[in-house]
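Comments concern the structure below.
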Amino acid sequence: MGNKYLNVLGFLFGIFLNHMSLAQNLIQDGGFEVNVGCAHSNLPYPQYFNWSMKDLLYWNQPTSGTSDFYNPCNPLSLLYVPHNLFGYQVAHGGTNYAGIACYGVPPVSIDYREYIQTQLSSPLIRNKLYVFEMYVSVGDSSNYHTSDLGVVLTAVSYTHLRAHETVLDL
């Protein structure tokens, strides 16, 4: 009798593994691990904030906002992992992560936002169900947070924006 339940559980577990193997991750480098190295981690502040996302192969920042690439390359960097300018945070998986600001405060601007974008590895198929998942952590030293963080899937890339544009009209 015990073997009967064990066989059923084994069969169900096999179906589960088979189903999981059909899943495909369409986000290239979702863990921000594929990079060109630490080319910009030694730049002085504030230049590093303007260049850090350029170290990533599959991700970019579509506006003049300074999205950040956190990595363990330089322990003296403001964007070091896990201790950095905004607190302490280990990466969810791997060693790196990206950071964005969702709200500007004076004197910068209330309309300041930072974005990151990547191209999917293949086009989405109409009427097919997809699951999107991301991990979010508010910086320890952050005075603000948002409950309106979102994702946009679109056929266009936001790469040709005006030089000082920081808010996308989505």
Whole-Hz Karplus couplings 3J(HN,Hα) for the stretch 91-98, θ = phi - 60° and coefficients 6.51, -1.76, 1.60, Gly and Pro as x, run 5, 5, x, x, 10, 10, 7, 10
Going residue by residue through the stretch 26-38, the Karplus relation 6.51 cos²θ - 1.76 cosθ + 1.60 with θ = phi - 60° gives ³J(HN,Hα) values, rounded to whole Hz and with x marking Gly or Pro, of 8, 8, 6, 6, x, x, 6, 9, 8, 9, 8, x, 10
Checking rank on 92-104, 63-75, 137-149, 119-131, with mean other Cβ inside 10 Å and highest first, the result is 63-75, 92-104, 137-149, 119-131
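Read-outs throughout are calculated quantities, based only on the coordinates presented, and are distinct from any laboratory measurement. Computed from a predicted model, the values in this text were never measured in an experiment. In this analysis, Cβ positions are derived from the backbone assuming ideal geometry, glycine residues included, and neighbour counts consider all displayed protein chains.
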